[in-house]
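Just below is one structure, and these are the notes that go with it.
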Amino acid sequence: MEKLIIRMFAVILFTCGNMVLMSCSDNDDSSGQGQPTMSECTIIFYGVGGGNLDVDIQDNLRQLYRGIRDNKGIEAVVCFKNSANPNADMLKTLQERGFDFHPATTYRFCVDGSLADTPQLQFTPDNIFGGDGGNINITMADTLAHYISYAAAIRPAHHYVLILSDHGRGYSPADDNPNDLQPTTRGVLYDDGNNAHCLSARAIRTAIERSGVAFDGIYLDACLMNCVETLYELQEVAPYIVSATFYTPDVGGEYSCLVKRLATSPTYEQALAGYCDDVADYWLRCEEEGINPGDYDASDINAISSVQLRNAAPTLKAFIEQLTQDYSDPAIATMIDAITAKAVPNETDYPLFDLCAYFDSLTASVPSTALANAARKAKDAMMKCKLNSRGTKTTEKTRLPSFNFLLGANSSWDVLRFKDNKRLNSVTQYNWDGTLLTTQYNEDGTVKSQTTGTWNSTGDETYAKMHFENLTGWSRWIKTNRQKPLSQYK
C-alpha cells in the first residue's frame, strides 16, 4: 500500500515573475489574440512522480482534462516532473499506454481539454520546461512562487486553485531548515531528481506569501497532512484547507469532480465540502473494482475552515495552560502519563497522534474538572473546524481520525523504522536542541548499537517559530511532558 502521497489545491491571484526559469514567454494565450480572457477559476497543478506515482497522477490529470472539457469557466495550468527513477512496473504500464516517458523531465503547459483521451496528453518536447533537460528543482519555495505567478498571469481568473501532487509525510520539525527552507526528512513533493529534496509546510507558506496571492482554498490531497502544525502554518493564506489525516490511496482524488464542484457550487465552502463526498465515493468504486487492493484500509479526506482554526486557537491555548498547570500535581501527572503512553497513533513510524482522541481520553480519565472541561472545549472547537470528514468503507466503520499532532516527551520526538516482519529496526530520537540519538535493534529486540548526531534545525528554529506555536504555546507541553507515547511502538 502506498502510504505517503501528497497533493494540494489553493486559490491564487498575482503577476508574472521575472525569474529566468519561470519566464512568461511560453504557453501564452492559445488564441494568439493578445491578453488571455479572464475565466472564473484557474486550477494550477504542480507535482512530481516520486518514483511510483506517475501513472496515478497522469490518471488524475486525465480527470482534470475531462473536467475542463465538460465544464465552462474553468481553466488549468500544469507543471509536472516525471520520476527520475521510475518503478519498473509503472514504466511498463506507461509504455503499454503509448506514453513517451522521459525521466527527471519537467513539463509546463496550459491544459487543452480536447486532448483528454490522447495517450501523451501534452507531455511533448515543446512543453519541456527549464534547463538541464527539464530536471529543475521543483522543491524550492521560489520555484513554486514563480510558477504560481506565471500560471495566474497566463490564465487569469477570478479564483485560482493549486494542486501539489506527490508523496507526503505529514509534519515534523526536522523538515524545516531555518537557513534555506530545504527540509531534510519529512515534507511534500519528494524530488528524486534532486536528492529527494522536498517542500516543507513552511516552504509552501513562504512560496504563497512571496507570490503575493490571495487564496480561496488549499487542498492537501495527501497522506498524513491534516496536522494541526501544518494546518495552522497555512491557515493565514487560505480560508479553506482539504487534507488527509490518515493516508491517501495511490489513485488520489477525483479531479473531474473537483472541476465540476468549482464550476457549479455557489461557494467554495460548499464545493470543497462536497468534494470530500465525491472522493470518498470514488475510493469506494475503486475498491469494489479491485483497483490497488489494500490501499483503502486507512484513508480519509477532510475539508477544514481556516476561520474556525483561528477561533479554536485561544481554546487550545487555554487547554495547554491547564494541562501544564495540572501536570505539576504528581497524582494528576501519573494519570496524564498513563493517557499519554496509550495515545492513539495515526501513523506508527512517525510521531503523529490523534488530537481529539487525546482530548477524549483526558476528559474521561483525569480527576481535574478544570482539565477535563478544557479538553472537552478544545475538542469541540477543533471539530467545528471540519466542514466535512469522509473516509473509506473501512475507516468509516472502524475509526475516522480527527487531526494529527506531534506528541513527544522531554522536548523530543521518536521516529521509528520497522523491518519487513514488523519488528522494530531503529528509533531516531529528534531532540529540541538539535541533537539526535539513533538506536538500532537486533531481531530479538535487544539494542544492537547507538549513534549520536545532529539534525539541521533545533526546536527554537522550527517548532517554536510556527504559527501553531505562536497561537497556542503548544511546546510548553512538549517540554513539560515526561512520558513517551508507547502506543507508537506497538
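The values are calculated or read from the model by the stated rules, or taken from the named source; none is laboratory data. None of these values were measured; they are calculated from a predicted model. Cβ coordinates were reconstructed from backbone atoms using ideal geometry, including for glycine residues, and neighbour counts include every protein chain displayed. Areas reflect the complete protein model, heavy atoms only, side chains present, ligands, DNA and RNA absent. Shrake-Rupley method; radii C 1.70, N 1.55, O 1.52, S 1.80 Å.
Taking 0.36 nm per intervening residue step and subtracting the Cα-Cα distance, what contour gain separates N410 from M38 on full extension? Provide the component values of the computation, followed by the final result.
Details: separation 372, 0.36 × 372 = 133.92 nm, distance 5.38 nm.
Length gained between N410 and M38: 128.5 nm.
Name all residues of the stretch 452-490 having a backbone nitrogen under 13 Å from the label point set 7 Å from the Cα of F418 along its Cα→Cβ direction, giving them as ranges.
Zone members listed by number: 487-490.
In whole Å and largest first, what semi-axes does the C-alpha gyration tensor of the chain yield when each eigenvalue is scaled by 5 and square-rooted?
On the way: eigenvalues 289, 118, 92 Å².
Taking √(5λ) for each eigenvalue gives 38, 24, 21 Å, largest first.
Please calculate how many Å² of accessible area the stretch 399-455 carries per residue, with a 1.4 Å probe and no DNA, RNA or ligand atoms counted. Show your work: numbers first, answer last.
On the way: 2830 Å² over 57 residues.
Accessible area per residue, the stretch 399-455: 50 Å².
What is the sum of charges around C356, taking Lys and Arg as +1, Asp and Glu as -1, for the other residues whose C-beta is under 14 Å from the C-beta of C356? Present the calculation step by step, with values, prior to reporting the outcome.
Details: positive: R376, K377, K379, K384, K386, R399; negative: D300, D354, D360, D380.
For residues surrounding C356, the net value is +2.
How much of the DSSP bridge set in the chain is antiparallel, in percent, rounded to the nearest 5?
Of those bridges, close to 70 percent are antiparallel.
Just to verify a number: what accessible area does L189 come out at with the full protein assembly present, 1.4 Å probe, Å² rounded to tens?
0
Report, in whole Å, the centroid distance computed from the Cα atoms of the stretch 45-92 and the stretch 346-384.
The stretch 45-92 and the stretch 346-384 have Cα centres separated by 38 Å.
What accessible surface, in Å², does a 1.4 Å probe find on H158, ignoring ligands, DNA and RNA and rounding to the nearest 10?
120
Taking the Cβ-Cβ separation of T324 and K465 as r and a Förster radius of 30 Å, what is the calculated FRET efficiency to the nearest 0.05?
With R0 = 30 Å, the Cβ-Cβ based efficiency is 0.90.
Using a 1.4 Å probe over the heavy atoms of the protein chains, calculate the carbon and sulfur portion of the accessible area of the stretch 314-369 as a whole percent.
Whole-percent figure for carbon plus sulfur exposure: 54.
Check each of the trypsin sites (Lys or Arg not before Pro) in the stretch 411-451 and keep only those in coil by DSSP with at most 13 other C-beta atoms within 10 angstrom; list them in order.
When the trypsin sites (Lys or Arg not before Pro) of the stretch 411-451 are filtered for loop state and at most 13 Cβ neighbours within 10 Å, K419, K422, R423 remain.
Greater than 24 Å separation of Cα atoms is the criterion. Which listed pairs, K317/K384; K422/K448; K379/K490; K317/K393, meet it?
K379/K490; K317/K393
R0 = 41 Å: FRET efficiency of T435 with E96, Cβ-based, nearest 0.05?
Result of the calculation: an efficiency of 0.25.
Would you kindly find the accessible area of D132, with a 1.4 Å probe and non-protein molecules such as ligands, DNA and RNA excluded, rounding to the nearest 10 Å²?
120
What nm distance separates the two modelled labels at R482 and T446, each placed 7 Å from Cα along Cα→Cβ?
3.0
In nanometres, what is the gap between the two model label sites at T334 and N85, each 7 Å from Cα along Cα-to-Cβ?
Computed distance between label sites T334 and N85 equals 5.2 nm.
Name the residues whose placed amide hydrogens come within less than 5 Å of the amide hydrogen of F45, ignoring near sequence neighbours (fewer than 5 apart) on the same chain.
It is V77, V78, C79, I163, by chain and number.
Treating the stretch 290-390 as a set of equal point scatterers at the Cα positions, no solvent, please give the Debye-formula log₁₀ I(q)/I(0) at q = 0.16, 0.20 Å⁻¹.
Those come out to -0.78, -1.06, one per q.
Within the chain, which is the longest segment containing none of the GluC sites (Glu not before Pro) that sit in a DSSP loop and have at most 14 other Cβ atoms within 10 Å?
With a cap of 14 other Cβ atoms within 10 Å, the longest stretch comes to 1-288.
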